[in-house]
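Okay, structure first, notes after.
The values are calculated or read from the model by the stated rules, or taken from the named source; none is laboratory data. Predicted, not measured: the structure shown is a model, and the values here were computed from it. Virtual Cβ from ideal backbone geometry, glycine too; neighbours counted across all protein chains shown. Calculation scope for accessible area: heavy atoms of the full protein, side chains included, ligands and nucleic acids excluded. Shrake-Rupley method; radii C 1.70, N 1.55, O 1.52, S 1.80 Å.
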Amino acid sequence: MRKNDELYLLIGKVESIDDRGDSLHVIVSYDWFNRGTAQFEKIHTRIVFRDQEQRNDGKRPYLWATWAREKRITTNCVIATVVRFPGDNLEEANGYAVHYNGIIGFGVDEMHQSPRHAVGGMVTWMADKVDANGQPYLSMGIAAGKDRYNNPISTIVRVRDQKLMEQCKRQLAVREDGTKSIAWFKCGDVFVYTRADLVEQTMYTAFDMVKIGTYKNPRQGS
């Protein structure tokens, strides 16, 4: 997902980790759609995190490598990273942030006239609904981790595209054994409304999705 002219949100499976002291190198794999061949290709990108050197403006430097280490990245896990590709290929990128879940906002720029968001988390429920105009849509509850104050983040993602609705139902519905899916959604701007209990609720409309894993509460048994 493109954030602006330079930055992208890249979601991939961690293949290897190499801490070189002055930098942290993380190789991730992901499926990339080749528009020329109209086929998906398996891509490997080395993401390099480095701490920013002392700044001349007196502000604290950004400690990209230190913060990435604090995420305790392990092989085979799936991470969402904000990256910049310095070259013309996808072989290596500079990394600036690591997320396992959450809501990431992309502001307005020359290419995008309205804010966009990436929403990542566990799908806790799913329901078919109809709007005031009689148009069907799919609504999903998303547990998107916790905020900086350790409070749980929950939101609603809705899907109107018929093809994406069917994909979500097929891949993300809660299973009979209690297994729930974890996914990232590419969304537009946030919509906020007040529920019947007078609590503000956020909602996002998704136009793409990628499933990254599943979770089952061990207390539920086999």
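Antiparallel versus total DSSP beta bridges in the chain: what percent is that, nearest 5?
90
Rolling a 1.4 angstrom probe over the protein heavy atoms, how many square angstrom per residue are accessible across the stretch 103-215?
Using a 1.4 Å probe on heavy atoms only, each residue of the stretch 103-215 averages 58 Å².
For the chain, which whole-number percentage of the solvent-accessible area (1.4 Å probe, protein heavy atoms only) is attributable to carbon and sulfur atoms?
Answer for the chain is 47 percent, counting heavy atoms of protein chains only.
Among 36, 121, 134, which one shows the highest mean-square fluctuation when the chain is modelled as a Gaussian network with alpha-carbon springs under 10 Å?
Result for the chain, Cα springs under 10 Å: 36 fluctuates most.
Name the residue, out of 110, 166, 70, whose mean-square fluctuation peaks in a Gaussian network model built on the chain with Cα pairs under 10 Å.
It is 110.
Considering only 158, 55, 170, give the residue with the highest GNM mean-square fluctuation for the chain, with springs between Cα atoms whenever their separation is below 10 Å.
Most flexible of the set in this elastic network: 55.
Along the charge dipole of the chain, pointing to its positive end and built from +1/-1 on Cβ of Lys, Arg, Asp and Glu, which listed residue (38, 4, 77) has its Cα farthest out?
The residue sitting farthest along the positive end of the dipole is 77.
Order 9, 90, most accessible first, counting only protein heavy atoms with a 1.4 angstrom probe.
Ranked from most to least accessible, the order is 90, 9.
What accessible area per residue, rounded to a whole number of Å², is obtained for the stretch 8-100 using a probe radius of 1.4 Å?
63
Using a 1.4 angstrom probe on the protein heavy atoms only, could you order 203, 126, 111 from most to least accessible area?
Largest accessible area first, the list is 111, 126, 203.
With each run of n ≥ 4 DSSP H residues scored as -39500 (n - 2.57), what mean residue ellipticity at 222 nm is computed for the chain after dividing by its residue count and rounding to the nearest 500 deg cm²/dmol?
After summing the helix terms and dividing by residue count, I get -2500 deg cm²/dmol.
Taking only Cα atoms, what is the 0 to 90° angle, nearest 10, from helix 162-172's long axis to the longest principal axis of the chain?
The helix 162-172 is inclined about 80 degrees to the chain.
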